[in-house]
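No lab work stands behind these numbers, since they all come straight from the coordinates. Computed from a prediction, not measured in an experiment: that's the story for all the values here. In this analysis, Cβ positions are derived from the backbone assuming ideal geometry, glycine residues included, and neighbour counts consider all displayed protein chains.
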Amino acid sequence: MQFSSKKQIKSFGFAWQGIKFLIRTQPNAWIQLTVAILVIGASFLFNISSMEWIAILLCIGGVIALEAVNTAIEQLCDTLHPEIHDGIKRTKDLGAGAVLIMSIIAVSVGLLIFAPRIIQLVVNW
């Protein structure tokens, strides 16, 4: 298979369509993006280290990417089997569970990075 820059550009366009769909249609994505903006702001405010930035950005990316995958799973399931079905329910629950697991990890990382700084700020206030 030969590389085609036109196909690559077209594929980025499809990816942007998916991101726009995620943002337009998924309330959880709005919540996650809002939290991400707040965390990025706090990261600048507290002047976190490079390694902490890496952890924060990986967590933000992981949560939002998993939300996109979960949305894709839900869309596929709803398209192929719009009726209530135990297997489809389990599949959708597993996708949502993956987002929840990553979100718990992200909150834990955020607490490890920001809790000591916030406590220090309160103590010195």
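Odds and ends about this structure:
- Only residues that are assigned to a helix (DSSP H, G or I) and either touching a Gly at 6+ places or on another chain (Cβ under 6 Å) or over 23 Å from residue 19 (Cα atoms) (or both) were counted across the stretch 73-104, and they come to 7.
Residue-wise test of (1) surrounded by 14 or more Cβ atoms within 10 Å (Cβ to Cβ); (2) in contact with a Ser or Thr (Cβ under 6 Å, 6 or more places away or on another chain); (3) assigned to a helix (DSSP H, G or I); (4) at negative phi.
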{"site": "3", "(1), (2), (3), (4)": "no, no, no, yes"}
{"site": "7", "(1), (2), (3), (4)": "no, no, yes, yes"}
{"site": "15", "(1), (2), (3), (4)": "no, no, yes, yes"}
{"site": "24", "(1), (2), (3), (4)": "no, no, yes, yes"}
{"site": "28", "(1), (2), (3), (4)": "yes, no, yes, yes"}
{"site": "40", "(1), (2), (3), (4)": "yes, no, yes, yes"}
{"site": "56", "(1), (2), (3), (4)": "yes, yes, yes, yes"}
{"site": "71", "(1), (2), (3), (4)": "yes, no, yes, yes"}
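- Residue 25 in contact (Cβ under 8 Å) with a residue 24 or more places away in the chain and out of contact with any helix residue (DSSP H, G or I) (no Cβ under 7 Å at 6 or more places or on another chain): yes
- For the stretch 60-92, the set of residues classified as over 12 Å from the mean Cα position of the chain (by Cα) and closer than 17 Å to residue 29 by Cα consists of 72, 73, 74, 75, 92, listed by residue number.
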